[in-house]
Each structure stands twice: as structure tokens, then as C-alpha cells.
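First up is the structure itself, then whatever we jot down about it.
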């Protein structure tokens, strides 16, 4: 007798900030497409709560304040649940704003996939693959799902989902600040701009040091230089980044958005920086690097859920 499937499931996928991204989209197999590059996996992210109620036909509903903007997550759920029956409802809870370079589309896609999969009899590898393809073809990003499968400072040495892609992960101690200074940038349109893609690929020499020394200091050197090279930094964001650096932080633009991420100095300089940011009225959140990556979560007691 087949085991009973759960009717409710939860999952968390961390957000992610990109220090350098080099598009690699020419592979015949889309599982091998994405990008080389490096970034930080954050403790803040997206939580998905999925519920499947009995019904003779299939229906899908996304809930939450950003539900109308979550086409990629919707596509993930639709593809995983293909052939199923029932009323599938998914609530997505975002710790960070969407469209600001914090990898919320990849996090939402993967959290949705990991929450829906147990309800419809899909395994984790299939859920991950569906999330990667939906994010890739939906214009959400270039390899964000692969980056957040684990935690830490991640260096994508080869593009695509493992085993197509190759990712090295290292620790990154200390506190981070992430925040925004302007409206979202249109990621799908940017990723379709051949001039921008050419400019990003032209920065490949910046990536070389990380292939030989994947440590936090090298990462920040590369990320700050890539912010300048990419040519996407609005003036207010550029001014802020320079101010943060003068106050002892390492700081870079979150690709692709008007968000920023910064490594907070320890001790008195860090406290002074926090007071300066608060005095400027900036929208910033304190976080750190997540060490685990995307994962299922226990369902609330009293529900037929899954961990």
C-alpha cells in the first residue's frame, strides 16, 4: 500500500546577492545553462506554505502580498502538479523586496518547488530542475537556483545545476546589511540586452582570482570592481556605496537591482555605521550568510504535513 501523501508542506529557500555574474547560456541542455560567478547566500529568504485540498479537478491559487507578480513561482507549481487533482493553494512569504537583486525569483521558485513536490509525489531532484528551468526561461536570473541549493560564499566555477554545474562553497563570517535606494530594475529586459550581456562577459578576467582563492576578501575585491564594470549603478546607489566604504564597510550593488549589500565592520566602527544608516532613513536589514541552503520545514502541528 502506497504511503499517504501529506496535504500541507512548507519549505524555505534563501535569498542571494551576486558579486559577479558571467552569463553562460549557449549549452544545448538548459540544465547546463546559467552563469559562472560568485555570491552570498543569505539567512533571509522566501518561505512557501503549500496546501492541497480534495477536488475533482485541479486549481491553483497563489497567496501573499506579491501574488500577482509571481509568474515564475506559479509556473513551477503548475508544472510540478501537472496531472494532479485538488485545490492547490500556495502562500509565499518574502523577507526581502522583489526585483531588487536579492534573488527573490529563484528563492520563490525553489521554495515553491520544495513545498509542492511532496504533495504531488515528486522527488527533490525533479523539483529543483523545474525551479531552475522556470527561473531561467522566465527571466528571473542566471543560475540563482543552483546558487541557493547550499549555503555560504558560493563560487560557480561552471554554469548550470550540479552535476552539469560546479559550485565551490566557503564560509563567510560576520554581519551583513542589505537594503535598497530606488525602484526595481527590469531584470528580464536587462537579461535580454545584448550590450549588457557583452559587457558582463567582458569582465571575465575579474573572476580569475576567485578560481584560485575563494575567500571573503577576494570576493569583496571582485564584487566592488564588478559593480563599477557592470555600469548599472544609479547615482544615488553609487554615492551610498562610496559612503559605506569610507566608513569601513565592504559594499557592492546587488545584481540586478538598486539594492546593495555590505559587510559590516566589527566593534565600534560597525556600531557607528549602524547609527549613520539609521540617521539616513535607509531601508536596510541586518543579516548574515546562511550555511544550509534551501530546505523543507516542519509543518505546523495538527496538520498532515512533511518535514
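The values are calculated or read from the model by the stated rules, or taken from the named source; none is laboratory data. Since we're looking at a predicted model, the values are computed, not measured. Every residue, glycine as well, gets a Cβ built from its backbone with ideal geometry; the counts of neighbours run over all protein chains shown.
Just the residues that are assigned to a helix (DSSP H, G or I) and surrounded by 19 or more Cβ atoms within 10 Å (Cβ to Cβ), please, taken from the stretch 132-147. If the condition is that a residue be assigned to a helix (DSSP H, G or I) and surrounded by 19 or more Cβ atoms within 10 Å (Cβ to Cβ), then 132, 133, 134, 135, 136, 144, 145, 146, 147 are the ones that fit. When 129, 93 are checked against the criterion of being surrounded by fewer than 24 Cβ atoms within 10 Å (Cβ to Cβ) and not in a strand (DSSP E or B), 129 stands alone in meeting it.
A quick yes/no check of all residues on (1) over 13 Å from the mean Cα position of the chain (by Cα); (2) surrounded by 20 or more Cβ atoms within 10 Å (Cβ to Cβ); (3) more than 23 Å from residue 286 (Cα to Cα):
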| residue | (1), (2), (3) |
| --- | --- |
| 41 | no, yes, no |
| 55 | yes, no, yes |
| 62 | yes, yes, yes |
| 79 | yes, no, yes |
| 87 | yes, no, yes |
| 102 | no, yes, no |
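Quick grid of which residues meet (1) under 16 Å from residue 40 (Cα atoms); (2) buried (at least 22 other Cβ atoms within 10 Å of the Cβ); (3) without any contact (Cβ under 8 Å) to a residue 12 or more places away in the chain:
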{"position": "218", "(1), (2), (3)": "yes, no, yes"}
{"position": "221", "(1), (2), (3)": "yes, no, no"}
{"position": "254", "(1), (2), (3)": "yes, yes, no"}
{"position": "257", "(1), (2), (3)": "yes, yes, no"}
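The numbered conditions (1) loosely packed, with under 15 Cβ neighbours inside 10 Å; (2) over 16 Å from residue 182 (Cα atoms); (3) in contact (Cβ under 8 Å) with a residue 40 or more places away in the chain are all true for residue 294 except (1). Restricted to strands (runs of 3 or more DSSP E) entirely inside the stretch 1-84, those with at least 1 residues that are out of contact with any strand residue (DSSP E or B) (no Cβ under 6 Å at 6 or more places or on another chain) and without any contact (Cβ under 8 Å) to a residue 60 or more places away in the chain are 58-63. Could you tell me how many of the residues in the stretch 261-307 are in contact with a helix residue (DSSP H, G or I) (Cβ under 6 Å, 6 or more places away or on another chain), within 30 Å of residue 113 (Cβ to Cβ) and either in a loop (DSSP other than H, G, I, E, B) or at pLDDT 90 or above (or both)? Of the residues in the stretch 261-307, 3 are in contact with a helix residue (DSSP H, G or I) (Cβ under 6 Å, 6 or more places away or on another chain), within 30 Å of residue 113 (Cβ to Cβ) and either in a loop (DSSP other than H, G, I, E, B) or at pLDDT 90 or above (or both).
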